[in-house]
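J.: The structure is given below, and queries will be raised subsequently.
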Amino acid sequence: MRAAQPRCRQQTLALRRQLLGSSCKLFFPKDPVKIVKAKGQYMYDENGTQYLDCINNVAHVGHCHPDIVKAAHEQNQLLNTNSRYLHDNLVDYAERLSKTLPEKLCIFYFLNSGSEANDLALRLARQYTKHEDVIVLDHAYHGHLTSLIDISPYKFRNLEGQKEWVHVAPVPDTYRGLYREDHEDSVTAYAGEVKNIIEHAHKRGRKIAAFFAESLPSVGGQIIPPAGYFQKVAEHVHKAGGVFIADEIQVGFGRVGKHFWAFQLQGEDFIPDIVTMGKPIGNGHPLACVATTKEIAEAFAATGVEYFNTFGGNPVSCAIGLAVLDVIEKEHLQAHATEVGNFLMKTLKEQQIKHPIIGDVRGCGLFIGVDLIKDQAERTPATAEAEDLVTRLKEKYILLSTDGPGRNVLKFKPPMCFNMEDAKFVVETIDKILTDMEKECLNQ
């Protein structure tokens, strides 16, 4: 039974600690924020204090967007049931999605979360290739299911470790990776690492089912793989009888601005065999999707085992998915992401000149990483400083988080309605805080 009076923040925190597993973490654990309302790119605490949300790529077109709320409400009043009945929302949505993708990615499966989508992608790859092994990028995270923890170095390194059928390739990071910005051909070099993994696996009698990668590695530190890398990797993987899976769960649906899908940054000549979608697809509603080719889908169906997902592709979810696509088009959010993202990148790079702690600014559209370092020569991650900066930003009513192996990369993935004034506010605040941190360091 709900409490008659709203609880204060400390009461909510005490109940959470009592009732929820301690492994379910909070942002800002030393002083968590209680959020009770949100609209657009802003969130509000129990006292009505407004925070600028630079974290939430799930509320893709903005928190509580009226068009999304209306679509959900109207369809909820009519029908919500499973996909074993005919319904136009399901086929309308699949048709709309197909128009955003290369022609060969024409078969769709609908699910409820990115983890479900990636798990299905793994099943599709294995059924089609009849192989088991998977190549992933270091520090990758693909979901919370057991099958996905197994292919997520970000998680399995702290658990049971790497399975025999999992192979880890270096992240194609040209700032702090194996092959950096001064390398004569980092694309071939990084793809060559994948080729070496395949050859080594073959010598051990292993067979590759898939290369599984985020189109832009997010947990790995907001990485932008050099153009052409995926093409060369796909060539090696296809030659080994495997398929290429592009995980677009964090970065799809126009976030990169130039293109609707982040894998398209690699060039028109690159097409994955399977694409997974989640998070922004439903603007906060549990919705996900897998797109693949007819050949892969037919191999999956050839087992004779039905694929059924109770809530996947239900009329309400599809109505919401359609509404998200409508808003992206109506509000020109792709072009907006390019314009605001370019401005944010430019102003952050101006801060890089001013503040030595900023080692690198990288990104595309409204997917941006700011790599904080202790020194220019070694590029040592400034982990403590990044945490301090994020905490101080919260005190200025800006919500931002960190990622990367060193937890030193500021990650910008705001709702797509994040605007120029928001960008100015964030950069000006970062400038002031870094200046204060520098003065404090000198005084010490």
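J.: Relative contact order of the chain: what whole-number percent is it, with Cα pairs under 8 angstrom and at least 6 residues apart?
T.: 21
J.: Going from the alpha-carbon gyration tensor of segment 229-322, what semi-axes, largest first and in whole Å, does one get by taking the root of 5 times each eigenvalue?
T.: Calculated on Cα positions only, the semi-axes equal 25, 21, 8 Å.
J.: Still on this structure, I have one more. Which entries of 37/394; 30/354; 25/394; 37/411 have Cα-Cα distances beyond 20 Å here?
T.: The answer is 30/354; 37/411.
J.: Which log10 I(q)/I(0) values does segment 57-184 give at q = 0.11, 0.19 Å⁻¹ under the Debye formula, counting every alpha carbon as one identical point scatterer?
T.: -0.64, -1.21
J.: Rounded to the nearest whole Å², what accessible area per residue is found for segment 66-331 with the 1.4 Å probe?
T.: 43
J.: Would you mind getting the Kirkwood hydrodynamic radius of the chain from its Cα pairs, rounded to one decimal in Å?
T.: So the Kirkwood estimate lands at 23.0 Å.
J.: Related question: As a quick test, which of the pairs 104/330; 104/239; 34/396; 279/413 have an alpha carbon distance above 23 angstrom in this structure?
T.: 104/330
J.: Could you let me know the centre-to-centre spacing of segment 158-189 and segment 12-75, using Cα atoms, in angstrom?
T.: 34
J.: Take every Cα-Cα distance within segment 116-260, group them into 10 Å bins from 0 onward, and report for each bin the whole-number percent of pairs it holds.
T.: Computed distribution, short to long bins: 12, 43, 38, 8, 0.
J.: Which of the listed residues, 250, 44, 165, is farthest toward the dipole's positive end in the chain, when Lys, Arg count +1 and Asp, Glu count -1 at the beta-carbon?
T.: 44
J.: Kindly give the semi-axes, whole Å and largest first, of the ellipsoid equivalent to segment 236-276, taking each as the square root of 5 times a Cα gyration tensor eigenvalue.
T.: With the √(5λ) rule applied to segment 236-276, the semi-axes are 21, 11, 6 Å.
J.: Still on this model: Under the √(5λ) rule applied to the eigenvalues of the Cα gyration tensor, what semi-axes describe the equivalent ellipsoid of segment 369-444? Give them in Å, descending.
T.: Calculated on Cα positions only, the semi-axes equal 22, 16, 10 Å.
J.: Scale the Cα Rg of segment 66-331 by the rule-of-thumb value 2.2 N^0.38 Å and send over the ratio, two decimals.
T.: Here the answer is 1.01, to two decimals.
J.: Cα atoms only: what Rg and Dmax, in Å, come out for segment 1-125?
T.: Final numbers for Rg and Dmax: 19.6, 55 Å.
J.: So, with +1 on the Cβ of K and R and -1 on the Cβ of D and E, and no other charges, what is the size of the charge dipole of segment 315-416 about its Cα centre, to the nearest 20 debye?
T.: Using only the charged Cβ atoms, the result is roughly 120 debye.
J.: At 222 nm, what value in deg cm²/dmol follows for the chain if DSSP H runs of at least 4 each add -39500 (n - 2.57) and the sum is divided by all its residues, to the nearest 500?
T.: So the calculated ellipticity at 222 nm is -12000 deg cm²/dmol.
J.: Please compute the contact order of segment 276-412 in relative form: average sequence separation of alpha-carbon pairs under 8 Å and at least six residues apart, divided by the residue count, as a percent.
T.: 14
The values are calculated or read from the model by the stated rules, or taken from the named source; none is laboratory data. Source: prediction; values computed, not measured. Using ideal geometry, Cβ is built from the backbone for each residue, glycine included, and neighbour counts are taken over all protein chains shown. Protein only, heavy atoms only, side chains kept; ligands, DNA and RNA dropped before computing areas. Shrake-Rupley method; radii C 1.70, N 1.55, O 1.52, S 1.80 Å.
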